[in-house]
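Each remark here refers to the structure printed beneath this line.
The values are calculated or read from the model by the stated rules, or taken from the named source; none is laboratory data. Every value quoted in this text rests on a predicted model; they were computed, and no experiment measured them. With ideal geometry, Cβ positions are generated from the backbone for all residues, glycine too; neighbour counts draw on all protein chains shown.
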Amino acid sequence: MSDLLNGQAPAGPEADAGDDVLIRADNIVKYFPVKGNGLVRRTVANVQAVDGVSLTVKRGQTLGLVGETGCGKSTLARCIAGLIPVTSGKVYFEGKDITNLPRRTMQPFRREIQMIFQDPYGSLNPRRRVGAIIGDPFAVHKTATGSERKKAVQELMERVGLNPEHYNRFPAEFSGGQRQRIGVARALALRPKLIICDEPVSALDVSIQAQVLNLLSDLQSEFGLSYLFIAHDLEVVRHVSDAVTVMYLGRVAESGPGNQVYDHSRHPYSTALLSAAPAADPDAAAERQRVLLTGDVPSPIHPPSGCRFHPRCPKAQDLCGTTEPALENKAGDPSTHLTACHFPVEAGEDLARVGRREQS
């Protein structure tokens, strides 16, 4: 698998047009200003939501983006989709710079980049009928009208497993899983090349999650879609992703092919996340040693110096608090596997035992 999928950028944006890279985010930074309480309301600090993140997504494949709540996953996704402006950095779509484009200039690219949102209840207007909701992309981009639009919407509903006869129903008349299928149909309407899935199954029951994931997989095979799949459930990401990027407090901790990151994680944070993930096999769950992290996630307004994970890391040393580790290939790892850690987890190392020793 190419290193382009796992965080290593090509030599320049012009390289994207001739290879199989669909979208590339290059050193994306997104800060949100924090205003003071005075009359002038000056900016007194910044929330460093995303701080220098680079990643690439290849055509027809899925990049999983994981991390704790508040690590910047959704903010990064909205920057890539052009829903919010970036503070600095570049976003390239098929080699074209689409960073902070004006609305009219960005509109053709919006046809190619769509989103499925986390909340199947809040992402649909309860006062509008389902047919109108799914048909909005056709209306906005003026690609179908009247009976032609209705036929296209009903075909989409049938394709995602909904009854086309329910075209005139309201969202409240559907279950959570059906509402998420409505969101999938809306995202699929214009046949985009990239769909950003922002925790699309986290609000659903486990049995319904499997149905939606299988639907997304079928659609990817049928239409050659690329996915940026955001989730905090690592087992879900493992099931759907070709490659995985792990974020912590606005930065990339580790990235690489999915099986490499899951089976041979090198960053202590990735190892801790994996140790907490539920296992389908009871025997495997009983044998797994849970890595317990101490302390809370630091504030993104005043992140720690050096490695941002060092206050909670069982392997932290003095160097970690003063020097930021580079995201790089470690000795013995494939070139596609990158880790930002001064003292990565070695093969066979029991990080849970290291953590217990540090706590004692």
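Here are a few things to note about the model shown:
- Within region 133-142, one or more residues are in the same structural domain as residue 179 (by TED's automatic domain parsing), crowded, with 18+ Cβ neighbours inside 10 Å, of a type in the set (Gly, Ala, Ser) and at pLDDT below 95.
- Only one of 244, 261, 237 that is in a helix (DSSP H, G or I), closer than 30 Å to residue 320 by Cβ and touching a Gly at 6+ places or on another chain (Cβ under 6 Å): 237
- Selected residue [in the same structural domain as residue 229 (by TED's automatic domain parsing) and surrounded by fewer than 16 Cβ atoms within 10 Å (Cβ to Cβ)] from 147, 202: 202
- Among the residues of region 153-199, those that are assigned by TED's automatic domain parsing to the domain that holds residue 71 and more than 18 Å from residue 223 (Cα to Cα) comprise 198, 199.
- Total residues in region 201-249, condition more than 17 Å from residue 61 (Cβ to Cβ) and touching a residue at least 24 places away in the same chain (Cβ under 8 Å): 18
- Selection within region 73-101 - surrounded by fewer than 17 Cβ atoms within 10 Å (Cβ to Cβ) and assigned to a strand (DSSP E or B): 88, 96, 97
- Here residue 104 meets the list (1) of a type in the set (Lys, Arg); (2) in the same structural domain as residue 187 (by TED's automatic domain parsing); (3) over 24 Å from residue 178 (Cα atoms); (4) assigned to a helix (DSSP H, G or I) almost entirely, failing just condition (2).
- Set 324, 346, 358: member being at pLDDT below 90, part of a loop (DSSP other than H, G, I, E, B) and charged (D, E, K, R): 346
- Criterion: of a type in the set (Gly, Ala, Ser) and either under 25 Å from residue 224 (Cβ atoms) or out of contact with any helix residue (DSSP H, G or I) (no Cβ under 9 Å at 6 or more places or on another chain) (or both) - qualifying residue of 89, 122: 122
- Residue match in region 118-125 (condition: in the same structural domain as residue 259 (by TED's automatic domain parsing), buried (at least 22 other Cβ atoms within 10 Å of the Cβ) and under 18 Å from the mean Cα position of the chain (by Cα)): no
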